[in-house]
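Student: Here you go, one structure.
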Protein chains: 2
Amino acid sequence: MTIQTAIQALSALLGERLSQSMTILEQHGASESYYPLTPPDAVVFPQNTAEVSEIIKICAAHDCPVIAFGTGTSLEGHQLAVQGGISLDLSRMNAVLAVNAEDMDAVVQPGVTREQLNQDLRATGLFFPVDPGANASLGGMAATRASGTTALRYGTMKENVMALEVVLADGRIIRTGSRARKSSAGYDLTKLMIGSEGTLGIITELTLRLQGQPEAISAATCAFPAVADAVNTVITTIQSGIPMARMELIDANMVRGFNIADGTALPEQPHLFVEFHGSESGVAEQAERFAGIVQDFGGSAFKWALKAEDRAALWKMRHNAFYAHKALAPTLRAMATDICVPISRLAEAIEFAEVKSRELGLTCTIIGHVGDGNFHCALSFDREDAVQFAKVQDFMHQLAETAIALNGTITGEHGVGIGKMKYMQAEHGGALDTMRLIKRALDPQNILNPGKLIPPSNTGPA
Amino acid sequence: MTIQTAIQALSALLGERLSQSMTILEQHGASESYYPLTPPDAVVFPQNTAEVSEIIKICAAHDCPVIAFGTGTSLEGHQLAVQGGISLDLSRMNAVLAVNAEDMDAVVQPGVTREQLNQDLRATGLFFPVDPGANASLGGMAATRASGTTALRYGTMKENVMALEVVLADGRIIRTGSRARKSSAGYDLTKLMIGSEGTLGIITELTLRLQGQPEAISAATCAFPAVADAVNTVITTIQSGIPMARMELIDANMVRGFNIADGTALPEQPHLFVEFHGSESGVAEQAERFAGIVQDFGGSAFKWALKAEDRAALWKMRHNAFYAHKALAPTLRAMATDICVPISRLAEAIEFAEVKSRELGLTCTIIGHVGDGNFHCALSFDREDAVQFAKVQDFMHQLAETAIALNGTITGEHGVGIGKMKYMQAEHGGALDTMRLIKRALDPQNILNPGKLIPPSNTGPA
């Protein structure tokens, strides 16, 4: 058993920082989604980059799969040990190594969570903007190219990671990028690692771009007669160039979930939740221009959340949408998916989701970072009800195909993991073979998160 | 002669669209820099992607180097046929294929120049923001990860190319990315191709992100007692979060060049040339805040360029800086270099350049996109004066080393080409081997722009 031999060697290296306790294994093999428990053979807890490098060398020597683990909040099964092996839990590498306020950047270890970093930054007047909802680790967010509610204004992880330290599949440690704001010096290995889901290397350090806290922030909600009116408001707003910080669509079902789960009393209609960042006068100007567009599409007056605590409550509610969805059908399980389309096709895509879920008789909620053309559907189902589960799968399948047909993508921010692998060929065509070539060049033994991102083929280990 | 065999086959395919005329060969083997004329064996002029694919297949069959050619404005010798072979001139693939105004994107062929695209977009209220100065081709700009004066506000090519069509080293055609604003679906091949300088594939189509024309634009110049005052103004401005559209440093020598070449009468002191984009009131607010900072550092009152034609003249003068530099020493040749450092180290880096060039007795001008930490030095020299030329080389060398020592990069926007290869190991360390692995995986025969970007090693064709 090569995995067992690897575990013996790792145990000698790490002592108590290797665990095979059932609780720990199950925690690392669980998923927030519907995937069955798929625990690793062992979990290791490295304390520094040198140790990660030693671990990878041992795994390479014994052909043992290595799965990087952050906080386990993936919705696409990234962390599941589908081929066994070890889970590399980076949560103890959680130091903020440097905050360079004058350069507006920070250097962190991969286990630092976004809330921890922003807590650390409070006194500096700076913040890290990427906000996927979950209090994910920054290493995990980079590995899945995460984004969330603020990507509209500040970009995704792709735009906000300047440089990485990475341990490669043979244990070598490399640095990609520098602290310069831009560079034309060679292949963009930073961007290649971002979104590679632990299949090309293990991220052991990140240099992140920070933003100045805006002088003024205001948030508001407004209701619309129909989803199409809200979507048309979004499209017009984007085209008018208003620099919205957040613009979230919440469909009527989801509002009902919020009212149940959060005790709110919002009108059960489609809503936009928005936020403006800027100078005092800039925010006022943005809000006024946006209000004009809202009015044109029959939206209600704004309900403002002006105080910091009211804003925090609003976005906390939004971030907990998956749990609010579950409140609609508490006895059922729930599954969430995400697609992203060009904004001109957004109304079509959302209408498809509404009509199709209604046709299939499924409890469906739609929320989304619609300013980017990205939205999520959550569906309730009984795992024991094969007919209903098949309907959910059918819906997911048709939604992914719709995304591709509309020139969009099968995932805007959740990643591929095991859940979306089956659509990679349809989305990428021949480019998938190029991804395979890169995987094979950087991980010829296929030990880094095998069975994820790249669907199996006859042409190589990936 | 394998190259000759390839040329015979290409000639049969292309007829008159293959040229071996000396004028054409020399035009494609010339450089705006100091490199000697290095012509290819033939130049081909494909008309569409299928033809590019056929050309590459022929070259692959005969191990013939292929060098993509846009407009030839590279300063680092990207287009030179250092190992012979064919120059693939993409200037006839110059159609704007689609403008999706509602999605604020455009699909173009690689030979479209940035001025051509912006001319085409005039009626739409949209523009493509990346502006490297030269009227370069968009394919070439993507291949070198170009940026320029507006990157501060709108990003570089990296942030403004959404998707590509690429012909690989074996002639296969792939598409990277989609028209969605973001995606987490697999490796970021778009970003891998951007900045790869024609060494991993030939870009045959680009999907570009567009921006809305700002409601208001104003530009201004102001003079400072010393370079350090101008640089400190830049640093404070960036940290204060003012969304500057352009912020260019011009040193006193360069101002003297402008006064000679452009007939201006600017005070021969260090200057900042700036531009503000936004709503009428937003621009006024930005300008007022910036003026406060300028005053704090002893800068002069603004000289405004409010009319569109005055702004155009200002930026034309800036873009022609290399020629204005030459006006300072009309009998000498000139060489330009570029580095980029974290903004907190910018004053040090510029001071180094000033002091070192003075010590060496060289005519040096410094200009830069300093809001990004990126600046250029141009130096005059007599190619026949070996001592002077060695001093120029020494300066270039020490400036590159300074960039690396300050946590920056050897090139912010000009690219590596042949000029910066010798510093790639120092900047990237072990990551250079990862670049080699990728090059070998995607171009195992090393036919795509061989002898560029990746320095020779004993470990493979790259």
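The values are calculated or read from the model by the stated rules, or taken from the named source; none is laboratory data. All figures in this text were calculated on a predicted structure; none of them were measured in a lab. Cβ atoms come from the backbone with ideal geometry, glycine included; neighbour counts cover every protein chain shown.
Student: Could you tell me whether any residue of the range A:290-310 is in a loop (DSSP other than H, G, I, E, B), free of Cβ contacts under 8 Å to residues at least 24 places away in the same chain and either more than 23 Å from B:K182 (Cβ to Cβ) or among the hydrophobic types (A, V, I, L, M, F, W, C) (or both)? Don't jump to the end; show me each part of the working.
Tutor: Step one: filter the range A:290-310 for residues in a loop (DSSP other than H, G, I, E, B), giving A:297-302, A:306-307.
Filter once more, so that each one left must be free of Cβ contacts under 8 Å to residues at least 24 places away in the same chain: A:307.
Next, from what is left, pick out any that are either more than 23 Å from B:K182 (Cβ to Cβ) or among the hydrophobic types (A, V, I, L, M, F, W, C) (or both): A:307.
Within the range A:290-310, one or more residues are in a loop (DSSP other than H, G, I, E, B), free of Cβ contacts under 8 Å to residues at least 24 places away in the same chain and either more than 23 Å from B:K182 (Cβ to Cβ) or among the hydrophobic types (A, V, I, L, M, F, W, C) (or both).
Student: Inspect all residues belonging to the range B:132-139 and state whether any of them is within 12 Å of chain A (Cβ to nearest Cβ), in contact with a Ser or Thr (Cβ under 6 Å, 6 or more places away or on another chain) and either on the phi < 0 side of the Ramachandran plot or not aliphatic (A, V, I, L, M) (or both).
Tutor: There is no residue in the range B:132-139 that is within 12 Å of chain A (Cβ to nearest Cβ), in contact with a Ser or Thr (Cβ under 6 Å, 6 or more places away or on another chain) and either on the phi < 0 side of the Ramachandran plot or not aliphatic (A, V, I, L, M) (or both).
Student: Among the residues of the range B:303-313, is any of a type outside the set (F, W, Y) and touching a Leu at 6+ places or on another chain (Cβ under 6 Å)?
Tutor: yes
Student: Next question. Restricting attention to the range A:175-201, and to residues there that are among the polar types (S, T, N, Q) and facing chain B (nearest Cβ under 7 Å), which single residue is nearest to A:G417 (Cα to Cα)?
Tutor: If we take residues in the range A:175-201 being among the polar types (S, T, N, Q) and facing chain B (nearest Cβ under 7 Å), then A:S196 is nearest to A:G417 (Cα to Cα).
Student: Looking at the structure I just gave you, is A:V99 surrounded by 23 or more Cβ atoms within 10 Å (Cβ to Cβ), at pLDDT 95 or above, out of contact with any Gly (no Cβ under 8 Å at 6 or more places or on another chain) and more than 11 Å from chain B (Cβ to nearest Cβ)?
Tutor: Judged against the criteria, A:V99 is not a match.
Student: Need at least 3 residues that are assigned by TED's automatic domain parsing to the domain that holds B:D372, touching a residue at least 60 places away in the same chain (Cβ under 8 Å) and more than 17 Å from the chain's Cα centre (by Cα) per element, so show me which helices (runs of 4 or more DSSP H) inside the range B:88-159 make the cut, counting only ones lying wholly within it.
Tutor: In the range B:88-159, there are no helices (runs of 4 or more DSSP H) which contain 3 or more residues that are assigned by TED's automatic domain parsing to the domain that holds B:D372, touching a residue at least 60 places away in the same chain (Cβ under 8 Å) and more than 17 Å from the chain's Cα centre (by Cα).
Student: Within the group B:L448, B:L406, B:L442, which residue is under 25 Å from A:K439 (Cβ atoms), within 11 Å of chain A (Cβ to nearest Cβ) and either in contact with a strand residue (DSSP E or B) (Cβ under 6 Å, 6 or more places away or on another chain) or touching a residue at least 24 places away in the same chain (Cβ under 8 Å) (or both)?
Tutor: B:L442
Student: Right, next: Which one of B:A431, B:A426 is small (G, A, S), buried (at least 23 other Cβ atoms within 10 Å of the Cβ) and at pLDDT 95 or above?
Tutor: Sole residue among the options that is small (G, A, S), buried (at least 23 other Cβ atoms within 10 Å of the Cβ) and at pLDDT 95 or above: B:A431.
Student: Is it fair to say A:R153 is more than 30 Å from A:P444 (Cβ to Cβ), surrounded by fewer than 24 Cβ atoms within 10 Å (Cβ to Cβ) and not acidic (D, E)?
Tutor: Numbers: more than 30 Å from A:P444 (Cβ to Cβ): yes; surrounded by fewer than 24 Cβ atoms within 10 Å (Cβ to Cβ): yes; not acidic (D, E): yes.
So A:R153 passes the test.
Student: Name the single residue that is farthest from the other protein chains (Cβ to nearest Cβ) among those in the range A:267-285 being farther than 17 Å from A:G212 by Cβ, in contact (Cβ under 8 Å) with a residue 40 or more places away in the chain and surrounded by 19 or more Cβ atoms within 10 Å (Cβ to Cβ).
Tutor: Taking the candidates together, the pick is A:Q269.
Student: Would you pick out the residues in the range B:387-423 that are more than 19 Å from B:A146 (Cα to Cα) and surrounded by 24 or more Cβ atoms within 10 Å (Cβ to Cβ)?
Tutor: Scanning the range B:387-423 gives a single hit, B:V392.
Student: I would also like to ask the following. Can you confirm whether the range A:38-49 contains a residue that is within 27 Å of A:G419 (Cβ to Cβ), assigned to a helix (DSSP H, G or I), at pLDDT 95 or above and not hydroxyl-bearing (S, T, Y)?
Tutor: No, there is no match, as no residue in the range A:38-49 is within 27 Å of A:G419 (Cβ to Cβ), assigned to a helix (DSSP H, G or I), at pLDDT 95 or above and not hydroxyl-bearing (S, T, Y).
Student: Residue check, A:P243 against (1) part of a loop (DSSP other than H, G, I, E, B); (2) more than 25 Å from the chain's Cα centre (by Cα), all met but one. Which one?
Tutor: (2)
Student: Please verify whether B:S196 is surrounded by fewer than 24 Cβ atoms within 10 Å (Cβ to Cβ) and either touching a residue at least 12 places away in the same chain (Cβ under 8 Å) or outside any loop (DSSP other than H, G, I, E, B) (or both), treating the condition exactly as stated.
Tutor: On the way: surrounded by fewer than 24 Cβ atoms within 10 Å (Cβ to Cβ): no; either touching a residue at least 12 places away in the same chain (Cβ under 8 Å) or outside any loop (DSSP other than H, G, I, E, B) (or both): yes.
Considered against the rule, which asks whether it is surrounded by fewer than 24 Cβ atoms within 10 Å (Cβ to Cβ) and either touching a residue at least 12 places away in the same chain (Cβ under 8 Å) or outside any loop (DSSP other than H, G, I, E, B) (or both), B:S196 comes out as no.
Student: In the list B:S357, B:S380, which residue meets the criterion of being part of a strand (DSSP E or B), among the polar types (S, T, N, Q) and either in contact with a Phe, Trp or Tyr (Cβ under 7 Å, 6 or more places away or on another chain) or more than 9 Å from chain A (Cβ to nearest Cβ) (or both)?
Tutor: Sole residue among the options that is part of a strand (DSSP E or B), among the polar types (S, T, N, Q) and either in contact with a Phe, Trp or Tyr (Cβ under 7 Å, 6 or more places away or on another chain) or more than 9 Å from chain A (Cβ to nearest Cβ) (or both): B:S380.
Student: Further, regarding this structure: Inside the range B:409-439, can you point out the residues that are more than 7 Å from chain A (Cβ to nearest Cβ) and touching a Pro at 6+ places or on another chain (Cβ under 7 Å)?
Tutor: Across the range B:409-439, the qualifying residues are B:M421, B:K422, B:Q425.
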